[in-house]
1. Output the helices (runs of 4 or more DSSP H) that fall wholly within the range 34-144 and possess 3 or more residues being under 18 Å from Leu19 (Cα atoms), or say none.
2. Please identify the pairs in which a residue from the range 47-63 that is within 20 Å of Gly36 (Cβ to Cβ) and of a type outside the set (Gly, Ala, Ser) has its Cβ atom under 6 Å from the Cβ atom of a residue that is modelled with pLDDT under 95 and loosely packed, with under 15 Cβ neighbours inside 10 Å, counting only partners at least 6 apart or on another chain.
3. Determine which member of the set Gly90, Gly76, Gly71 is more than 19 Å from the chain's Cα centre (by Cα), outside the structural domain of Glu114 (by TED's automatic domain parsing) and either surrounded by fewer than 15 Cβ atoms within 10 Å (Cβ to Cβ) or of a type in the set (Lys, Arg) (or both).
4. Which residues, taken from the range 95-121, are surrounded by fewer than 10 Cβ atoms within 10 Å (Cβ to Cβ) and basic (Lys, Arg)?
Amino acid sequence: MARTASNGKKIGTPGQRQLRVGELVRHALSEILARGELREPALEGVIVTVPEVRLSPDLKVATAYVMPLGGQNAEGVVAALELHRKFLRGEVARRVNMKFAADLRFRVDTSFAEGSRIDALLRSDPIVRHDIEAAKPESDSDED
């Protein structure tokens, strides 16, 4: 049974405010990186995606999960972003109107790799593969 706080909210689940602010921070970071506002040789010509930003309950720490397109040199990209996190914090603070600017932390996003691993596991089991193929709509097979 899940533990709940005195306000009835499950402990450990992000609140609506955390999710909303996390999405605002994610959009701001994505915009900064897409426009090339960060001058860093390690990021030259690299397209960086920001699939998720998680905020602490007090909204003071934002952990951004990032992945370069193709997944190459992910650790180098994270190191470059960590090196410029003061600049990024200031840019995000100007775009997202908050009482306090959240301290940024960067991590490699492993959700894509984890999803691929789970998909491969499911497809390797003949029973599961049969169920997946049986669940496909008939219109997929009638494309001739």
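1. On the way: elements: 74-83, 85-95, 111-124, 126-135, 138-141.
Output list reads 85-95.
2. What qualifies is Ile47/Leu69.
3. On the way: Gly76 fails: more than 19 Å from the chain's Cα centre (by Cα); Gly71 fails: more than 19 Å from the chain's Cα centre (by Cα).
The unique qualifying residue is Gly90.
4. Lys99
The values are calculated or read from the model by the stated rules, or taken from the named source; none is laboratory data. Because the structure is predicted, anything quoted here is derived from the model rather than measured. Note: ideal-geometry Cβ built from the backbone for every residue, glycine included; neighbour counts use all protein chains shown.
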